[in-house]
Protein chains: 4
Amino acid sequence: MLSPEAERTAAVGVSKLPQTMLALVKDAPGPGASLREIPVPEPGPSEVLVRVEAASVCGTDLHIERWDPWAEENFGPLPMTFGHEMAGTVVARGQGATRVALGALVAAETHLVDWTCYQCRTGRAHICRSLRILGVHAPGTFAQYAVIPETNAWVTEGLGPEVAALQEPMGNAVHACFVEEIAGQTVAVLGCGPIGLMAVAVAQMAGARRVIATDVNPERLAMARRLGAHEALDAHDDVAGRLRELTDGDGVDVVLEMSGSEAALHQGLAAITNGGRVSLLGTHAAPATIDLSEEIIFKGLRIYGITGRRLFETWYRTTALLEEGLDLSPIITHRLPLAQYEKAFTLVAEGHAGKVVLLPQQG
Amino acid sequence: MLSPEAERTAAVGVSKLPQTMLALVKDAPGPGASLREIPVPEPGPSEVLVRVEAASVCGTDLHIERWDPWAEENFGPLPMTFGHEMAGTVVARGQGATRVALGALVAAETHLVDWTCYQCRTGRAHICRSLRILGVHAPGTFAQYAVIPETNAWVTEGLGPEVAALQEPMGNAVHACFVEEIAGQTVAVLGCGPIGLMAVAVAQMAGARRVIATDVNPERLAMARRLGAHEALDAHDDVAGRLRELTDGDGVDVVLEMSGSEAALHQGLAAITNGGRVSLLGTHAAPATIDLSEEIIFKGLRIYGITGRRLFETWYRTTALLEEGLDLSPIITHRLPLAQYEKAFTLVAEGHAGKVVLLPQQG
Amino acid sequence: MLSPEAERTAAVGVSKLPQTMLALVKDAPGPGASLREIPVPEPGPSEVLVRVEAASVCGTDLHIERWDPWAEENFGPLPMTFGHEMAGTVVARGQGATRVALGALVAAETHLVDWTCYQCRTGRAHICRSLRILGVHAPGTFAQYAVIPETNAWVTEGLGPEVAALQEPMGNAVHACFVEEIAGQTVAVLGCGPIGLMAVAVAQMAGARRVIATDVNPERLAMARRLGAHEALDAHDDVAGRLRELTDGDGVDVVLEMSGSEAALHQGLAAITNGGRVSLLGTHAAPATIDLSEEIIFKGLRIYGITGRRLFETWYRTTALLEEGLDLSPIITHRLPLAQYEKAFTLVAEGHAGKVVLLPQQG
Amino acid sequence: MLSPEAERTAAVGVSKLPQTMLALVKDAPGPGASLREIPVPEPGPSEVLVRVEAASVCGTDLHIERWDPWAEENFGPLPMTFGHEMAGTVVARGQGATRVALGALVAAETHLVDWTCYQCRTGRAHICRSLRILGVHAPGTFAQYAVIPETNAWVTEGLGPEVAALQEPMGNAVHACFVEEIAGQTVAVLGCGPIGLMAVAVAQMAGARRVIATDVNPERLAMARRLGAHEALDAHDDVAGRLRELTDGDGVDVVLEMSGSEAALHQGLAAITNGGRVSLLGTHAAPATIDLSEEIIFKGLRIYGITGRRLFETWYRTTALLEEGLDLSPIITHRLPLAQYEKAFTLVAEGHAGKVVLLPQQG
């Protein structure tokens, strides 16, 4: 086996890898971030070094940049690069990392797991007891290079790096959709942020009988329609009433809660048919007040807490849906060099963007 | 086919059925109930008339007797007999009711369903869109005779009427246990009322790795131990901490929430392992405040709202467990003639009883 | 309630229902059938009388017409009308039949079940212990009128009678597809008779990653391509090798065996990935010789015997897929009056047809 | 980290590990085996060295010793130690093996998998595309020391080594039982070799309604009764008829085929209720002839091919059942030093033994 150094040389041809790179670093508690020149990291045993071609912005990144209480409690140790959604080229491999070829385009599964706990040993690694998240608990991908465990590198063929990077959030949508069968079911997608929009496209492609999206933002509702929603409803309206109407009074079979809004959740619980199922994915900033008897128990519902992606069932399915022709490109509204990160965060914060993708190799 | 009148004659031998019977009737809004002499009802098409041998008291009956807001909204029309858990002998059959033999001992499935709605046509009749409940929306079983749809009559062999009557609430426990596999799992049963106690016995018999019960009532905890709980914890203590200890920090696999207490639910959500499942059965009088992100989503939980019994998978399984030797008799702490209904309600209200069974044929 | 006679009058307006009708009758053991004038049947309790608008021909009908050993053992009693796939208008209702409106277009669920056995009481009515099949054990639908239980009448809106009639065989395909999730899976459909072709369309619409069809008949392979198959392979070729190639050596996830050919089954078992699933639907005329260890056990397969349709989950899903736009019309290659039944059987026997639909109201 | 050599020293205290050991080796094609003195193996990266305390004999070992066609095709390369069921003490760890403590008692998961193929990445590692089996494709455990991947070492507490070694075959039984819910179900166990006997005990402990065992060997039937079978039937009798009788004509819900006998399989398929499920685990030496239509399709059965154990759900469940008190000791009928291997094989071959355990540390 070549030494990592030798492999790095091989990987990048005549030119060696650089010693330093640009990275977006959270230096200190408080809002903001800094673009810095820092050393290119070395892959350790069973790790790979990836040249980041595309790194998309997630709401979590905004929480870190803005330094909200969640970030304060979870992010670090400081200073650290953040960002986690990404695709790039494998340019070096640590000892024992032999599965993924040098030069392969890979996306990152961002849940870093221990593979030894009860969850990891029973097919539930995405909720590992010692879960760490790339760009939250370990250096992230808003950088020109990033190190990830080889196991977390998902080899991708036939997709460009921008769409490849979106497999991670799309995997959330796929996970939420497919905890039960969705073909032939009537589906309400509550919240049309990027993952909600992806869920619309996924449910539609998987043969849902009808997909109805809701949001408070008309631009997002328009995007939902473009991605295949049969109806897109303003969440200020009588959503439950309208969903009942559209289903001859039966209610919807499936609620995909992607908004993190308590109001949306109550609309979904009011509109769901007895015996239906709810996937909860949107992060709730505050506790919700729920009438468990009337809203869940007497209706015989099944509620699924959804986080991350099943390793790696979800990735296989996500890739399959993209291969079948699911088109994420309408969701990507902006592409920016890494240096324009402030503009990227503003776009995400203001809600006028679909997905914003940073391109670290463009500086 | 014999006329119902002829069948009645045949069923009771030389003596005809009486014209009137004792029944516990809710006459008017407000607390209380009256023991009255009312006509023995006639079975309509596809119905059977049952001589009630045993009718056990459920918490719901207490709500009706006390006339709480739920009862006010749901019970009636007044005046009407209440009570729903029961077993008795089929003594007459309406037109078209030919499956169940005269003389058979039957228990009552108490969910009266339309068999024509979306739920009923897709294997979910227990959450029928037009659900009515015996003794709540239709005359009940605290009476010497009661009419039920033949479909709802569960023929029972090899059990006495008292235990036979308990198949209905035990079915709730069975339903809650078996929405997923329970053998080899660590199970917390929160709340040791009669259904919680039954859940302890069911989980234990079905090969649960360990069953831990909680309650605030030491008498009930003692009963839980007698029914097979490996541990019985005072709910005032650090339940979550103790459950973590008992599971090497992993947490329990299964939470059966039988108490309707929000505090208990939070204990369960704190103690459950990532990826575990919760059956919610206890009725909550008030909305609960839940941190959906931390308590459900990031843990990847599955939450099941449980009401009634699956028609009739749950009944087959319930009968099977009783045949295998599951012993409910420790749960029956009191047997009283119907006339002592006030004592029965007091016993239930004060929490010193397990299950109280009324015996209408003893007057 | 009106008498059936009064209802009949109401249903057809000024003109009364006729006293007699044309029906295709099997009179006696042996090949052939006779078009006869026989009385229009009366609906009994809980039954409806349907004016048959379209009755499609199934392979089973050919077995009856040709009088093979299976028919000899199962069909009757003679003389009896045969045929079972159909759609038509409800023109009269027997006592107690009130769910389905007069004038409604209905398709027939053809499994006549007792609703009281273990299977029927546990959500498996399609494999009722006392199963009888319309047109095999009870008078069928190759006639101008037919009686079916009201429960078996599936009300259909927005479809013409020809496609409505095809919901029954399409339900077989839907049942076979959806015993497990199919979105994102690689699917081999073995056998492109009408149900196989429908399975191609269903799997494609439900988001299968890739659908590969096989048959020995080039016309059918061409139809499979038109219905959305990504590849259509001559079953004489090295099907297993080709399926391995198409899946990077992994093999297919799902095999839908629709041919009843032992050779096809072995191809499927050779081509399936470890841990995949097989739906067996094609009827096998002779026992098959299977290396259980190598073909099933060591591969960790799941094999599903598929017959009929789940009552009524499959019908809901089937209707949903048709509403979403699944187009069965390419499968209907011939429409003929009932009197041309011999031509219909010849077309089916020779394998040059997709689905042949008889139109009894055209004589 | 210590070098493996240093760790070995630490592990065994003052005395070093020996350089050589006794091992049962297959030297050459053909019947027989040789007890040899060979070097103690070194654990490679991510491997552990185990001092074998107990190694039980499986039917597979007999095939290897007798050198049947299966062995000829699969075993090797020669010369190689065989045997796979075992428990022992971890005495050295290779580089990177840090999860399992030195001195821990471990049992061996015998499926050696690549963790990188489609199956391994989707929760089905037990049917890894590159599956190798300990003692078949890699040196085995009929030796004083054996090397296994650390991942395959199942840490066991509270069990002696003999029972600990039996977790592997018991895992087969657990896997076969729990592919679907078994509580409340009527179960037929066909074949009472050691795994069949374990299945009897497992099903009984998991709340099966009734467990009926069959075999041709009266000694084994007697053992089945001791392990909790409600009935034990001579397989020469009318098993299907008797099973129908015992179930009021409905048939059994679950068939666990543990015999590898085609005759037994047909009995099971004749006795199973419509919609029941069959776990196929017994290895069939010859292809079986099955009437797919009548025996599987029209009955709506589900057939599961069972091999190995789910990694590691099955192990958790197996351990849990042992902790709950499932008692395997009646199955262990013989304990012998490794040198008496010929006697061990004869006992297994003659069918008078339950499980025979070799004790390599006794020489």
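The values are calculated or read from the model by the stated rules, or taken from the named source; none is laboratory data. Keep in mind that what you see is a predicted model, and the values were worked out from it rather than measured. Cβ atoms come from the backbone with ideal geometry, glycine included; neighbour counts cover every protein chain shown.
Condition test on C:ALA232, is it surrounded by fewer than 24 Cβ atoms within 10 Å (Cβ to Cβ), in the same structural domain as C:ASN274 (by TED's automatic domain parsing) and assigned to a strand (DSSP E or B)? Show your work before the answer.
Details: surrounded by fewer than 24 Cβ atoms within 10 Å (Cβ to Cβ): yes; in the same structural domain as C:ASN274 (by TED's automatic domain parsing): yes; assigned to a strand (DSSP E or B): yes.
Here the answer is yes, as C:ALA232 does meet what is asked.
Take region C:19-35 and flag every residue that is in contact (Cβ under 8 Å) with a residue 40 or more places away in the chain and over 24 Å from the mean Cα position of the chain (by Cα).
Across region C:19-35, the qualifying residues are C:MET21, C:ASP27, C:ALA28, C:PRO29.
Kindly list the number of the only condition in (1) touching a residue at least 24 places away in the same chain (Cβ under 8 Å); (2) of a type in the set (A, V, I, L, M); (3) more than 21 Å from A:VAL239 (Cβ to Cβ) that fails for A:ILE297.
Failed condition: (1).
Within region D:179-190, which residues are within 18 Å of the chain's Cα centre (by Cα) and either part of a helix (DSSP H, G or I) or crowded, with 24+ Cβ neighbours inside 10 Å (or both)? Break it down into steps so the answer makes sense when it comes.
Just the residues of region D:179-190 that are within 18 Å of the chain's Cα centre (by Cα), to begin with: D:179, D:189-190.
Within region D:179-190, D:VAL189, D:LEU190 meet the criteria.
Does region D:324-337 contain any residue that is polar (S, T, N, Q), surrounded by 18 or more Cβ atoms within 10 Å (Cβ to Cβ) and assigned by TED's automatic domain parsing to the domain that holds D:GLY32?
The first filter runs over region D:324-337 and keeps only residues polar (S, T, N, Q), leaving D:329, D:333.
Filter once more, so that each one left must be surrounded by 18 or more Cβ atoms within 10 Å (Cβ to Cβ): none.
No, region D:324-337 contains no residue that is polar (S, T, N, Q), surrounded by 18 or more Cβ atoms within 10 Å (Cβ to Cβ) and assigned by TED's automatic domain parsing to the domain that holds D:GLY32.
Considering each of A:LEU292, A:LEU321, A:LEU336 in turn, give the residue that is among the hydrophobic types (A, V, I, L, M, F, W, C) and touching a Pro at 6+ places or on another chain (Cβ under 9 Å).
A:LEU292
Please give the helices (runs of 4 or more DSSP H) falling wholly within region D:236-337 in which 3 or more residues are on the phi > 0 side of the Ramachandran plot and not polar (S, T, N, Q).
In region D:236-337, there are no helices (runs of 4 or more DSSP H) which contain 3 or more residues that are on the phi > 0 side of the Ramachandran plot and not polar (S, T, N, Q).
Has region A:252-273 got at least one residue that is more than 26 Å from the chain's Cα centre (by Cα), modelled with pLDDT of 95 or more, acidic (Asp, Glu) and assigned by TED's automatic domain parsing to the domain that holds A:ALA176?
no
Could you go through region A:224-231 and let me know if any residue there is closer than 30 Å to B:ASN274 by Cβ and either more than 14 Å from chain C (Cβ to nearest Cβ) or modelled with pLDDT of 95 or more (or both).
No, there is no match, as no residue in region A:224-231 is closer than 30 Å to B:ASN274 by Cβ and either more than 14 Å from chain C (Cβ to nearest Cβ) or modelled with pLDDT of 95 or more (or both).
Which numbered condition in (1) over 24 Å from C:THR283 (Cα atoms); (2) free of Cβ contacts under 8 Å to residues at least 60 places away in the same chain is the only one that C:LEU112 fails?
(1)
Please go through region A:235-251 and give me each residue that is buried (at least 22 other Cβ atoms within 10 Å of the Cβ) and either out of contact with any Lys or Arg (no Cβ under 9 Å at 6 or more places or on another chain) or among the acidic types (Asp, Glu) (or both), ordered by number.
Going residue by residue through region A:235-251, those that are buried (at least 22 other Cβ atoms within 10 Å of the Cβ) are A:239, A:243, A:251.
A:VAL239, A:LEU243, listed by residue number.
Any residue in region C:306-328 that is more than 8 Å from every other protein chain (Cβ to nearest Cβ) sitting within a Cβ distance under 6 Å of a residue that is assigned to a loop (DSSP other than H, G, I, E, B)? List the pairs, counting only those 6 or more apart or interchain.
Going by the 6 Å Cβ cut-off, the qualifying pairs are C:LEU328/C:LEU166.
Do we have any residue at all in region D:191-209 that's among the polar types (S, T, N, Q) and surrounded by 19 or more Cβ atoms within 10 Å (Cβ to Cβ)?
Initial filter on region D:191-209 (among the polar types (S, T, N, Q)): D:204.
Remaining after also requiring surrounded by 19 or more Cβ atoms within 10 Å (Cβ to Cβ): D:204.
Yes; the residues of region D:191-209 include at least one that is among the polar types (S, T, N, Q) and surrounded by 19 or more Cβ atoms within 10 Å (Cβ to Cβ).
Residues in region A:47-60: is at least one under 30 Å from D:ASP114 (Cα atoms), assigned to a loop (DSSP other than H, G, I, E, B) and in contact (Cβ under 8 Å) with a residue 24 or more places away in the chain?
Scanning region A:47-60 turns up no residue that is under 30 Å from D:ASP114 (Cα atoms), assigned to a loop (DSSP other than H, G, I, E, B) and in contact (Cβ under 8 Å) with a residue 24 or more places away in the chain.
Looking only at region A:265-319, count every residue that is among the basic types (Lys, Arg) and surrounded by fewer than 24 Cβ atoms within 10 Å (Cβ to Cβ) and tell me the total. First the steps, then the outcome.
If we filter region A:265-319 for residues that are among the basic types (Lys, Arg), which is where we start, we get A:277, A:299, A:302, A:309-310, A:317.
Among the residues that remain, those that are also surrounded by fewer than 24 Cβ atoms within 10 Å (Cβ to Cβ) are: A:277, A:299, A:302, A:310.
Adding up the residues that qualify gives 4.
Can you name the condition, by its number, that C:ARG93 falls short on among (1) among the charged types (D, E, K, R); (2) under 30 Å from C:LEU265 (Cβ atoms); (3) surrounded by 24 or more Cβ atoms within 10 Å (Cβ to Cβ)?
(2)
Could you tell me which residue of region B:262-301 is farthest from B:ARG244 (Cα to Cα), considering only residues that are among the hydroxyl-bearing types (Ser, Thr, Tyr) and facing chain A (nearest Cβ under 8 Å)? Give the steps one after another, and end with the answer.
Taking region B:262-301 first, the residues among the hydroxyl-bearing types (Ser, Thr, Tyr) are B:273, B:279, B:283, B:289, B:293.
Right, trim to facing chain A (nearest Cβ under 8 Å) and you get B:273, B:283, B:289, B:293.
Details: B:THR273: 9, B:THR283: 26, B:THR289: 23, B:SER293: 20 Å.
My answer is B:THR283.
Yes or no: A:ALA165 closer than 30 Å to A:GLU53 by Cα and at pLDDT 95 or above? Give the derivation first.
Values: closer than 30 Å to A:GLU53 by Cα: yes; at pLDDT 95 or above: yes.
Spelling it out, A:ALA165 is indeed closer than 30 Å to A:GLU53 by Cα and at pLDDT 95 or above.
What number of residues in region B:177-187 are touching a residue at least 60 places away in the same chain (Cβ under 8 Å) and closer than 20 Å to B:LEU243 by Cα?
Taking region B:177-187 and keeping what is touching a residue at least 60 places away in the same chain (Cβ under 8 Å), we get B:177-180, B:182, B:185-187.
So of that shortlist, the ones also closer than 20 Å to B:LEU243 by Cα come out as B:177, B:182, B:185-187.
Adding up the residues that qualify gives 5.
For region D:187-202, indicate whether the set of residues that are within 10 Å of chain B (Cβ to nearest Cβ) and out of contact with any Phe, Trp or Tyr (no Cβ under 9 Å at 6 or more places or on another chain) is non-empty.
Start the filter on region D:187-202 by keeping residues that are within 10 Å of chain B (Cβ to nearest Cβ), which leaves D:202.
This time we only want the ones that are out of contact with any Phe, Trp or Tyr (no Cβ under 9 Å at 6 or more places or on another chain), so: none.
No, region D:187-202 contains no residue that is within 10 Å of chain B (Cβ to nearest Cβ) and out of contact with any Phe, Trp or Tyr (no Cβ under 9 Å at 6 or more places or on another chain).
Within region B:297-304, does at least one residue satisfy the condition of being more than 30 Å from A:GLY282 (Cα to Cα) and among the small types (Gly, Ala, Ser)?
No, that holds for no residue.
Within region D:208-219, which residues are out of contact with any Lys or Arg (no Cβ under 9 Å at 6 or more places or on another chain) and within 14 Å of chain B (Cβ to nearest Cβ)?
D:ALA208, D:ARG210, D:VAL211 - these are the residues of region D:208-219 that are out of contact with any Lys or Arg (no Cβ under 9 Å at 6 or more places or on another chain) and within 14 Å of chain B (Cβ to nearest Cβ).
Report yes if B:VAL90 is in contact (Cβ under 8 Å) with a residue 12 or more places away in the chain, under 30 Å from C:PRO149 (Cβ atoms) and assigned to a strand (DSSP E or B), otherwise no. Working first, answer last.
On the way: in contact (Cβ under 8 Å) with a residue 12 or more places away in the chain: yes; under 30 Å from C:PRO149 (Cβ atoms): yes; assigned to a strand (DSSP E or B): yes.
Here the answer is yes, as B:VAL90 does meet what is asked.
Which of the residues that make up region A:76-118 are in contact with a His (Cβ under 8 Å, 6 or more places away or on another chain) and modelled with pLDDT of 95 or more? Please lay out each step first, then the result.
If we filter region A:76-118 for residues that are in contact with a His (Cβ under 8 Å, 6 or more places away or on another chain), which is where we start, we get A:76, A:108, A:110-113.
The answer is A:ALA108, A:THR110, A:HIS111, A:LEU112, A:VAL113.
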